[in-house]
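For reference, the structure is listed below as structure tokens.
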Amino acid sequence: MKLKAFLSDLDGTLIDTRERAIHAHASGLHSIGYDVTAEQVQSLYRYSFDTRDLLNRLNIQLSESEFIHYIMGFREFFFSHSELSHIIPGTIEALEKLQPQIEHMRIITSRQDSDQTRQEIRRFGFHKWFEDIFTRGDLAQAEGKDRIPLFPYLPHRRGLIRLAVQDVKTEGDVWVVGDSAGELEAAKSLGCFTIGVLTGFGTNDDLAPFASRIFDSFKEIVQLI
């Protein structure tokens, strides 16, 4: 019998966006006059989209206007430099083995920009295996809101999971894979089978309280099929 639904995170799980995000942060800060190098960002960077945390580590205090322009600069660089990202080794081979065993394969991501993320999914070729993708932008549209904040983290991740499986008639038959504790905590709270991978933000100790299984990378998930 096929598994009903398999939901995968994107950044840090399917693709390595670390170098790209580091340069995007430096570019965003340059756009508002801060002479911060990619090397400085890298020395303090935690694999996360928590930009406030990074700014605190850099001892930079921004006004609300400066912060908005910084984020705009970050996004402009991030979405125009997908060449700085790469598919995590072994992921494609794993997807080819997983797809025949699963009815619905979908991507969920905390990214806000739906159209640009979908374009990137096609550039990487993930549309061959995943039938759809759900972003925070999609969640906001589904809930009739202009925007859903990244933090607090758990509410929007739960919302993404619910949105991604709203047309799947199943209970207790949803697998969710991610690289951070927050992603897995949200999935576990909804009764999903949770799979942690160590190619992104979370360490084994971070993921252990919320993961049904933990693997070094996505390619090892085929062991469960």
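All of the numbers you see were taken from the coordinates with simple rules; none came from a lab. These figures come from a predicted structure and were not determined experimentally. Glycine gets a Cβ as well: all are built from the backbone with ideal geometry, and neighbour counts include every protein chain shown.
Here are some notes:
- Amide H contacts of F134 (H built 1.01 Å from N, in plane; Pro and chain starts excluded): I107, I108, T109 sit under 5 Å, all sequence-distant by 5 or more or on other chains.
- The Cα-based radius of gyration and maximum Cα-Cα distance (Dmax) for segment 18-84 are 10.7, 32 Å.
- Computed over segment 77-179, the ratio Rg/Rh where both radii use C-alpha atoms and Rh is Kirkwood: 0.96
- At an R0 of 35 angstrom, the distance between the Cβ atoms of E64 and N204 translates into a FRET efficiency of 0.40.
- Amide H to amide H, with H built 1.01 Å from N, I214 comes under 5 Å of G196, counting only residues 5 or more places away or on other chains.
- In order along segment 20-35, the Karplus-derived 3J(HN,Hα) couplings, from 6.51 cos²θ - 1.76 cosθ + 1.60 at θ = phi - 60°, round to 4, 5, 4, 5, 5, 5, 4, 5, x, 6, 4, 5, 10, x, 9, 8 Hz, and Gly and Pro are given as x.
- 3J(HN,Hα) from dihedral phi, segment 105-115, Karplus parametrisation 6.51/-1.76/1.60, rounded to Hz, x for glycine, proline: 10, 9, 9, 10, 8, 7, 4, 8, 7, 5, 5
- Karplus-derived HN-Hα couplings along segment 95-101 (A = 6.51, B = -1.76, C = 1.60, θ = phi - 60°), whole Hz, x at Gly and Pro: 4, 5, 7, 6, 3, x, 9
- Residues with amide H under 5 Å from that of H104, placed H, sequence gap 5 or more: A5, F6
- Placing a label point 7 Å from the Cα of Q119 along the Cα-to-Cβ direction, the residues of segment 53-97 with a backbone N closer than 12 Å are 76-82.
- Entries in K145/K169; K145/K188; K128/K219 that, when Cα-Cα distance is taken, lie over 19 Å: K145/K169; K145/K188
- Leading residue at positive end of dipole, segment 18-84 (Cβ point charges), from I68, Y34, Y45: Y45
- Helix axis angle, 64-80 relative to the chain longest principal axis, alpha carbon, degrees: 60
- Taking Cα atoms only, the orientation of helix 153-164 departs from the longest principal axis of the chain by about 40 degrees.
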